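S.K.: Dropping the structure in here first, questions after.
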Amino acid sequence: MKKITAVLLALMLLLGAVSALADVAADVEAGQAMTHDELVEKALAESGTFVVYGNTSRIATAAEDFAALYNIPTESNNLKDQEIYTKLRNENGAEAADMVMIQDGAQLTDAIDEGLVINFVPASVKDALDPADQQPALVHQYINKLFIYNNKGDDVPAIRNVWELTDPAMKERIIFKNPESEKVNMNFLVMCTSDEWAEKLAAAYQAWKGEAIDLGEYKNAGYKWVAEFLDNVTFGKSDTTIAEEISQDTAAGKLGLFVLSKLRSSSVLTDNLTVAQYEATAGGYAVEPFSGFMYPMYTMVNTKATRPYTGMLFIEYLMSQEGFQPWGKSIGAYSPNPAIAVNEGDLGIDVWKSTLVMEDAAYILENFEVEDFILLHCQK
């Protein structure tokens with residue numbers, strides 16, 4: 001009898017979870033067509049604390065401003081990607097987030113397929129956004145990681161071609177966060193092995209050396225560049241610490257690949273740093289075939305949300321000029337909403353998309369075995 005009771009209880013919990021998921025899905029579907037005022041009414045009718053997870057420190061500022069605007073009790077949590085995905089799978093009830101801001105398109109695609117999150121595109125911005133930025137998940141912003149070098153001393157690594165970074169003379173002069181600990185870095189390296197980027201890297205090698213590339217043991221030029229680039233890399237703890245280290249007077253001759261927005265930090269000596277793409281743009285040339293990489297940050301409603309309409313209202317807020325302010329006030333974050341201009345002194349999103357390696361979740365998922373090759377070359 002006890003066994004039967006336990007099975008029935010488990011079945012009831014499962015049915016309850018499925019029902020809750022269906023309710024949130026129905027709410028989101030209804031919310032897609034709602035006006036701002038209708039979303040506000042629905043959100044204010046919900047009870048409890050609105051919970052947000054994001055892998056950006058500025059989520060706290062946005063959440064505080066949102067909470068003050070609508071007088072909604074709000075809790076924000078700045079977590080790493082993997083922590084968020086783990087919580088999406090394991091948390092239930094009031095402890096679960098209502099909405100998440102998250103990166104890594106490959107893992108997010110899996111989360112969508114598992115029914116962990118639901119896409120919501122506010123009616124207020126739908127017509128203004130590129131369809132590619134709406135499906136399968138709404139892009140809140142694009143973030144770039146760029147080659148940035150210390151401009152002091154007599155040996156400045158002012159690169160014009162990424163193959164220069166594979167030269168033995170650059171060994172231990174390049175700092176990059178270990179791709180094993182940050183998936184967007186891994187995704188960038190995987191993308192370099194795609195046919196598109198392998199062809200561009202082969203052409204860049206020809207331009208650099210004046211002769212066709214000899215692949216040797218490598219499948220294509222992308223694999224060769226990744227292996228030889230990683231051989232010269234020293235892994236940094238975080239993009240913040242990399243930016244700080246590279247900018248010091250004692251770091252002459254060093255170069256980092258890190259988030260451009262880290263230049264906003266008061267602990268980074270920006271006068272000592274040069275962004276390779278800025279230098280190229282001013283000089284009328286290009287860094288061949290790319291000057292870094294760019295990836296999306298997404299916003300999604302949790303299928304276990306207890307305040308789904310509040311989650312939708314917050315997403316609408318984040319897509320507005322006011323809601324984007326915590327990121328838009330400095331360089332390095334780019335809204336897909338054309339009404340939100342880039343920061344003064346920065347380059348436009350179209351320029352970045354044409355000069356950086358862009359993340360393609362479908363390619364990454366289809367070529368997950370490339371990660372083993374990359375991890376092998378990360379072992380120092």
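S.K.: Say we look at the stretch 52-72 and pick out the residues that are outside any helix (DSSP H, G or I) and β-branched (Val, Ile, Thr); which of these is nearest to the chain's Cα centre (by Cα)?
M.R.: THR56
S.K.: Please work out which one of (1) surrounded by fewer than 17 Cβ atoms within 10 Å (Cβ to Cβ); (2) within 29 Å of THR35 (Cβ to Cβ) is the condition ILE72 fails and give its number.
M.R.: So ILE72 meets the others, but not (1).
S.K.: Kindly list, by first and then second residue, each pair from a residue in the stretch 148-170 that is more than 22 Å from LYS200 (Cα to Cα) to a residue that is among the β-branched types (Val, Ile, Thr) and modelled with pLDDT under 95, limited to pairs with Cβ atoms under 7 Å and residues at least 6 apart or on different chains.
M.R.: The qualifying pairs are TYR149/VAL156.
S.K.: Here's another thing I want to ask about it. State yes or no: is LYS254 touching a helix residue (DSSP H, G or I) at 6+ places or on another chain (Cβ under 8 Å) and among the basic types (Lys, Arg)?
M.R.: Yes.
S.K.: Can you tell me which condition ARG264 does not meet? The list is (1) closer than 30 Å to PHE66 by Cα; (2) at pLDDT 95 or above; (3) surrounded by fewer than 21 Cβ atoms within 10 Å (Cβ to Cβ); (4) among the charged types (D, E, K, R), and all the others hold.
M.R.: Of the numbered conditions (1) closer than 30 Å to PHE66 by Cα; (2) at pLDDT 95 or above; (3) surrounded by fewer than 21 Cβ atoms within 10 Å (Cβ to Cβ); (4) among the charged types (D, E, K, R), the odd one out for ARG264 is (2).
S.K.: Sticking with this one: Residue check, ASN151 against (1) touching a Ser or Thr at 6+ places or on another chain (Cβ under 6 Å); (2) of a type outside the set (A, V, I, L, M, F, W, C); (3) over 24 Å from LEU273 (Cβ atoms), all met but one. Which one?
M.R.: The single condition ASN151 does not satisfy is (3).
S.K.: For ASN232, which of the numbered conditions (1) in contact with a strand residue (DSSP E or B) (Cβ under 6 Å, 6 or more places away or on another chain); (2) crowded, with 19+ Cβ neighbours inside 10 Å; (3) closer than 21 Å to GLU371 by Cβ fails to hold?
M.R.: Only one criterion is unmet by ASN232, namely (2).
S.K.: So how many residues does the stretch 184-198 have that are closer than 17 Å to LEU356 by Cβ, part of a helix (DSSP H, G or I) and not hydrophobic (A, V, I, L, M, F, W, C)?
M.R.: Residues flagged as closer than 17 Å to LEU356 by Cβ, part of a helix (DSSP H, G or I) and not hydrophobic (A, V, I, L, M, F, W, C) within the stretch 184-198 amount to 3.
S.K.: Out of the strands (runs of 3 or more DSSP E) lying entirely within the stretch 218-289, which hold 2 or more residues that are touching a Gly at 6+ places or on another chain (Cβ under 7 Å)?
M.R.: Correct list: 255-259.
S.K.: Also: Do the conditions hold for LEU201, that is, is it at negative phi, in a strand (DSSP E or B), of a type outside the set (Phe, Trp, Tyr) and crowded, with 20+ Cβ neighbours inside 10 Å?
M.R.: Here the answer is no, as LEU201 does not meet what is asked.
S.K.: Name the residue, out of ALA227, ALA204, ALA137, that is in contact with an Asp or Glu (Cβ under 6 Å, 6 or more places away or on another chain), of a type in the set (Gly, Ala, Ser) and touching a residue at least 40 places away in the same chain (Cβ under 8 Å).
M.R.: Just a single option satisfies the conditions, and that option is ALA204.
S.K.: Would you say VAL287 is crowded, with 21+ Cβ neighbours inside 10 Å and within 26 Å of ASP372 (Cα to Cα)?
M.R.: no
S.K.: Continuing with the same structure: Scan the stretch 113-128 and give yes if some residue there is in the same structural domain as THR310 (by TED's automatic domain parsing), under 15 Å from GLY54 (Cα atoms) and part of a helix (DSSP H, G or I), otherwise no.
M.R.: No, the conditions are met nowhere in the stretch 113-128.
S.K.: A further question on this structure: In the stretch 85-117, which residues are surrounded by fewer than 21 Cβ atoms within 10 Å (Cβ to Cβ), touching a residue at least 24 places away in the same chain (Cβ under 8 Å) and of a type in the set (Ser, Thr, Tyr)?
M.R.: THR109
S.K.: Going by the conditions given, is TRP208 crowded, with 19+ Cβ neighbours inside 10 Å, at negative phi and assigned by TED's automatic domain parsing to the domain that holds ILE364?
M.R.: no
S.K.: Within the stretch 165-172, is there a residue that is in a strand (DSSP E or B) and closer than 17 Å to LEU356 by Cα?
M.R.: No - not one qualifying residue is present in the stretch 165-172.
S.K.: When you look at GLU366, is it of a type in the set (Asp, Glu), at pLDDT 95 or above, in contact with a strand residue (DSSP E or B) (Cβ under 9 Å, 6 or more places away or on another chain) and outside the structural domain of PRO131 (by TED's automatic domain parsing), yes or no?
M.R.: Against the criterion (of a type in the set (Asp, Glu), at pLDDT 95 or above, in contact with a strand residue (DSSP E or B) (Cβ under 9 Å, 6 or more places away or on another chain) and outside the structural domain of PRO131 (by TED's automatic domain parsing)), GLU366 does not qualify.
The values are calculated or read from the model by the stated rules, or taken from the named source; none is laboratory data. This is a predicted model, so every value here is computed, not measured. Cβ coordinates were reconstructed from backbone atoms using ideal geometry, including for glycine residues, and neighbour counts include every protein chain displayed.
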